[in-house]
Amino acid sequence: MAQLSDDCFAFGGKLLAVEQAEALIAERVPPLEGTEEVPLAAALGRVLAGALCAPVALPPFFNSAVDGYAFRHADLAAEGETRLTIAGRVQAGAEAAPVAPGTAIRIFTGAPMPPGADTVMMQEDAKEEAGAVLLPPGLKQGANCRPAGEDLQRDAIALRAGRRLTAPDLGLAAALGLTRLTVRPRLRVGVFSTGDELAEPGHPLGPAQTYDSNRFTLMALLAGLPATVSDLGILPDDGVATANALAAAAETHDLLLTSGGVSTGEADHVKAAIEAGGRLVFWRLAIKPGRPAAMGVVGGTPVVGLPGNPVAAVVTFLHLARPLVLRLAGAEPEPLPRFAAEADFAYRKKAGRREYVRVSLIFGQGLPVARKYPREGAGLLTSLTESHAFAELPEDVTQVAPGDRVRVLPFRAVF
């Protein structure tokens, strides 16, 4: 269980910049304790608990990188063709006999180099003739060979602690002969939505209700992170019920996420519910959309209250919840992907806050072109399904003109 102090997120300012929020998480939130050992096939996406050192070299022996002919470089003539008798052949998985002076060994990719041989001529560059091979001049010593340990030396660090294991990571571990890895425990995350205006998909809508979408968006975003997710349903607009639900969920989860109920209206109960069971530090982020956000600790468990508007919920998830999940899971920081694009729109904004504008990306020659979604509004779900990225406009920018260079965050890369 995460056991944070009530004041671990304490911040005295009015608006918190994105980098400040991420720095506070990195500095003040410890990873969950404990480790577990899992089979290699079950380790995808898990967080490596300690540095993985190579128990063997990779490759473990001197071998051929191509199909061809192995020989002693000293036998290669400086000018004109060299004729060497083919004295044998060696395939991958077989042992190789030594190569004698003036001879060559037919060799295949991955086969061990014959003792005494130090160079391989690719079969495309050589010519067999009457039991011999004709080699052209000019090949460098050691060509087309892979020394033992070329990829990784024995006892070298193969994977760092805190790495979220990917498919290539598991392939590397298998190549080192490993069958199990020691990883951090999965984070247990509970997800609530809030509000009497929400109905469960599949149920009849009331006269003033909409179907809940944020909960499913957030659970899908969490599915790509090292977490086990619990669907905790919809909380009513009732302060006592909300406080009781948060306190109960805090006992069995390492992190709680809510959406909605974090603004200043009479029916916004999440902030008060956090205060009732622990301590609230209301983080008003200096971003748009997504400024109203609540963050606090209930019973030692961190609680993040995200805005109710779908786009704002996604933006604040990426900048608050995602780094918090990675930190609690013991993972290395993973900055969101960003790259430059050319704006195909005009836009004005206030100084002092960062804005995220939904754009589609058009790729061609030069920089991709960022085309703004034609409608505004943080409640437009189609602005996410019909866009590719957020154009991230810094605090000091007040306007964008067509042709300006902007930084974009391709959210489909993290959805």
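Overview of values
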| read-out | value |
| --- | --- |
| Theoretical ellipticity at 222 nm over the chain - DSSP helices of four or more residues, -39500 (n - 2.57) apiece, nearest 500 | -4500 deg cm²/dmol |
| Tail weight of P(r) past 32 Å, computed on alpha-carbon pairs of the chain, percent | 53 percent |
| Candidates E355, E129, E19, ranked by Gaussian network fluctuation over the chain, Cα under 10 Å, top entry | E129 |
| Anisotropy class of region 339-410 from Cα gyration tensor, a/c 1.5 cut | oblate |
| Residue with peak Gaussian network fluctuation, the chain [Cα springs, cutoff 10 Å], from G195, G364, G290 | G364 |
| Pairwise Cα inverse-distance average, inverted: Kirkwood Rh of region 193-261 (Å) | 13.0 Å |
| Between region 378-411 and region 311-325, the Cα center-to-center distance that results, in Å | 16 Å |
| Degrees separating the helix 18-28 axis from the principal Cα axis of the chain, which is the longest one | 80 degrees |
| Under 5 Å, built H, 5+ apart or other chain: amide partners of L235 | S193, T194, G195 |
| 1.4 Å probe accessible area per residue over region 88-142, in Å² | 51 Å² |
| For S230, distant residues with modelled amide H under 5 Å away | V189, G190, V191 |
| Set of lysines near K349 by C-alpha distance (under 20 Å), chain-local residues within fewer than 8 positions excluded | K14, K288, K372 |
| Region 14-55-region 202-223 distance, computed between alpha-carbon centres (Å) | 29 Å |
| Percentage relative contact order, the chain, counting C-alpha pairs under 8 Å, at least six apart | 17 percent |
| Global form of region 318-370, assessed from the alpha-carbon gyration tensor, a/c cut-off 1.5 | oblate |
| Cross-link partners of K127 among lysines (Cα-Cα below 26 Å; sequence separation of 8 or more within a chain) | K140 |
| Anisotropy class of region 285-347 from Cα gyration tensor, a/c 1.5 cut | oblate |
| Nitroxide proxy distance, nm - points 7 Å out along Cα→Cβ at A340 and D125 | 3.9 nm |
| Accessible area (Å², per residue) of region 293-343, counting only protein heavy atoms and a probe of 1.4 Å | 21 Å² |
| 19 Å cut-off, amide nitrogen to a point 7 angstrom out along A74 Cα→Cβ, residues in region 132-167 | 138-143 |
| Residue-by-residue Karplus 3J(HN,Hα) for region 71-81, coefficients 6.51, -1.76, 1.60, Hz, glycine and proline x | 7, 7, 4, 5, 7, 7, 5, 5, 9, x, 6 |
| 5 angstrom amide H check on E128, placed H, neighbours 5+ away | L134 |
| Rounded tilt (10° steps) of 214-223 against the dominant C-alpha axis of the chain | 30 degrees |
| Listed residues H203, H73, H253, most fluctuating in the chain (Gaussian network, C-alpha, under 10 Å) | H203 |
| Amide N proximity, region 297-323 versus T166 label position 7 Å along Cα-to-Cβ, cut-off under 17 Å | none |
| Accessible carbon and sulfur surface of region 255-374 relative to its total accessible area, %, 1.4 Å | 49 percent |
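The values are calculated or read from the model by the stated rules, or taken from the named source; none is laboratory data. For clarity, every value in this text was computed on a predicted model and none was experimentally measured. Positions of Cβ are backbone-derived with ideal geometry, glycine not excepted, and every protein chain shown enters the neighbour counts. All accessible areas refer to the heavy atoms of the entire protein, side chains included, with ligands and DNA or RNA removed. Shrake-Rupley method; radii C 1.70, N 1.55, O 1.52, S 1.80 Å.
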